[in-house]
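See structure below.
The values are calculated or read from the model by the stated rules, or taken from the named source; none is laboratory data. None of these values were measured; they are calculated from a predicted model. Neighbour counts run over all protein chains shown; Cβ positions are idealised from the backbone, glycine included.
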Amino acid sequence: MVRILGIETSCDETAAAVVEDGRRILSNVVASQIEIHRRYGGVFPEVASRQHVLSILPVIEEAMAGLGWDELDAIAVTHGPGLAGSLLVGVNAAKGLALGRGLPLLGINHIEAHIYANWLTGNEIAFPALCLVVSGGHTELILMSDHGQYRRLGGTIDDAAGEAFDKVGRLLGLEYPGGPAIERTAQYGDPTAFKLPRAWLGDSYDFSFSGLKTAVLRIVKKYESQGKLQRLPLADLAASFQAAVVDVLVEKARRAAQECGARQILLAGGVAANKTLRREMAQRSALPVLCPPIPLCTDNAAMVASAAYFRFQAGYRSGWDLDVIPNLKLPGP
Ligand code: KG4
Ligand code: ZN
C-alpha cells in the first residue's frame, strides 16, 4: 500500500490530498480563490500567489487530519505548467515537508495530473487511450499508450477551450469563471439559434477558438449599436456558443481515437465538467468514454497524488533542485 500526499497550486486553487495506491482518495481539500478573482474578471497572478501563501499550510493540515506523517510514502507536487509565482508556493512547501519528514519528493506535470483524475473513478482503463485535456490553460489531444507514455496529436493554436468560455462569458456579462456560467445560462437556450463558425482546420488535430469568440463579439456589438442590448437572447447565444465548442472538441477527439486505434476516450480538465460535452462525447463516440466526477475535473490535488503513484511505482523521484517550469510539456513517447 502506497500513500502519497499531493499538492497543487498551479493556478487559483490551493489543494492538498492523500491518495492510496493511486485510486483511493483518503482526503481531498481544495481552497478556491474564485470569489477573490471574480472582481477582476479573471485570475490576477500576484493575488493568486499571495493567497496560496496564506492557504497552503491550513489546506495541507486539513488533508493530513487523522493521518500520521509516518503513514505517507511520498510527497508529490505540481511543478508546471502554470503561473510561476503560484507554482513556487506549492513546490517550496512540498520540498520543505519532504526534507523535514524524510520522504521522497515527486514533481508532477499538471496536464498529466488532469488525465489521472480518471484513475480515481474506480473504472478500469485500457491503453491506448485518447485523452482530451480541456482546461483554462490547455486544449490538448494526446494519445496515451501506457503510464507516462504520451504522444501529442494536436492542441489549440490560440485560446484554450476554457479560456474561450471565460472570454465569451465576460462578453455576455456573465460572472467569472465563464464555463459554469455559460453552461447554466445555456440550459434554457436553443443551441441552433445562432449559426456560429467551427474551425475545423482541415484534417489536423489542432483547435482554434478565436474566430468563434469574435463571432460572438460581433453579435453583441450589433445588438449594442442598435440600442437593443437588453434584448440580446443571452440563453440562445450561450447555448449556440457552447454547441460550437463541443461540436469541434467531440468530432476531433472521436476521429483521433478512431484513427489511432484507441480503446477508450478519457476526458480531463475543467471544461470536462461541462455536461453537454460529456453527453455528446458519449453519444457520438463508438468507444467507451470516461470522465472524472465533476469536482475532480477542475484543479485538485487528488489527481496529482494519483499521477505520482504510477510514477513512484516506476521508480521516478525528483531531486532537491526541483524547480517550477511554467511552460512544462508532457514527456514524449
Ligand atoms: O482545470 P481547471 O480548473 O484549471 C486549469 O488548469 O486551467 O479549468 C478551469 C477552466 C475555466 O476556464 C472554466 O471556465 C472551465 O474550466 N470550466 C468549464 C466548466 N467548469 C469549469 N467550462 C465549461 N463548462 C463547465 N461546466
Ligand atoms: Zn488544471
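Tell me the residue from Pro331, Pro292 that is surrounded by fewer than 23 Cβ atoms within 10 Å (Cβ to Cβ) and either within 12 Å of ligand 1 (Cβ to nearest atom) or outside any helix (DSSP H, G or I) (or both), please.
None of the others qualify; the one that does is Pro331.
Suppose we keep only residues that are assigned to a loop (DSSP other than H, G, I, E, B) and in contact with a helix residue (DSSP H, G or I) (Cβ under 6 Å, 6 or more places away or on another chain) within the stretch 267-289. Which one would you say is farthest from ligand 1 (Cβ to nearest atom)? Steps first, answer last, please.
If we filter the stretch 267-289 for residues that are assigned to a loop (DSSP other than H, G, I, E, B), which is where we start, we get 269, 274, 285-288.
Keeping just the survivors that are in contact with a helix residue (DSSP H, G or I) (Cβ under 6 Å, 6 or more places away or on another chain) gives 269, 274, 285, 287.
Values: Gly269: 5, Asn274: 3, Ser285: 19, Leu287: 22 Å.
Here the residue is Leu287.
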inquiry  = Which count do you get for residues in the stretch 154-171 that are of a type in the set (A, V, I, L, M) and either on the phi > 0 side of the Ramachandran plot or within 15 Å of ligand 2 (Cβ to nearest atom) (or both)?
reply    = 2
remark   = Subset of the stretch 150-170, residues surrounded by fewer than 17 Cβ atoms within 10 Å (Cβ to Cβ) and without any contact (Cβ under 8 Å) to a residue 60 or more places away in the chain, comes to Gly155, Ile157, Asp158
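For (1) over 20 Å from Cys297 (Cα atoms); (2) touching a helix residue (DSSP H, G or I) at 6+ places or on another chain (Cβ under 9 Å); (3) part of a strand (DSSP E or B), each residue gets a yes or a no:
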position: Leu143; (1), (2), (3): no, yes, yes
position: Gly154; (1), (2), (3): yes, yes, yes
position: Phe165; (1), (2), (3): no, yes, no
position: Gly173; (1), (2), (3): yes, yes, no
position: Gly179; (1), (2), (3): no, yes, no
position: Thr192; (1), (2), (3): yes, yes, no
position: Pro197; (1), (2), (3): yes, yes, no
position: Trp200; (1), (2), (3): yes, yes, no
note = When (1) crowded, with 23+ Cβ neighbours inside 10 Å; (2) within 27 Å of Pro180 (Cα to Cα); (3) of a type in the set (Gly, Ala, Ser) are applied to Ala76, the one that fails is (2)
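Quick grid of which residues meet (1) within 16 Å of ligand 2 (Cβ to nearest atom); (2) within 20 Å of the chain's Cα centre (by Cα):
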site	(1), (2)
Arg279	no, yes
Ala282	no, yes
Leu296	yes, yes
Ala302	yes, yes
Gln313	no, no
Arg317	no, no
Asp321	no, no
Leu330	yes, yes
task = State all residues of the stretch 102-124 that are of a type in the set (Val, Ile, Thr) and modelled with pLDDT under 95; if no residue qualifies, say none.
result = Thr121
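From Glu112, Glu175, Glu140, grab the single residue that is more than 16 Å from ligand 2 (Cβ to nearest atom) and of a type in the set (Asp, Glu).
After applying the criteria, what remains is Glu175.
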Qualifying residues in the stretch 117-134 (those that are out of contact with any strand residue (DSSP E or B) (no Cβ under 8 Å at 6 or more places or on another chain) and in contact (Cβ under 8 Å) with a residue 24 or more places away in the chain) - the one farthest from ligand 1 (Cβ to nearest atom) = Gly122
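Please work out which residue is farthest from ligand 1 (Cβ to nearest atom), limiting yourself to the stretch 181-190 and to residues that are surrounded by 19 or more Cβ atoms within 10 Å (Cβ to Cβ) and part of a helix (DSSP H, G or I).
Initial filter on the stretch 181-190 (surrounded by 19 or more Cβ atoms within 10 Å (Cβ to Cβ)): 181-183, 185-186, 189.
Filter again for part of a helix (DSSP H, G or I), leaving 181-183, 185-186.
Details: Ala181: 8, Ile182: 7, Glu183: 4, Thr185: 11, Ala186: 9 Å.
The selected residue is Thr185.
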task = Please work out which residue is modelled with the lowest pLDDT, limiting yourself to the stretch 21-49 and to residues that are acidic (Asp, Glu) and farther than 30 Å from Asn123 by Cα.
result = Glu35
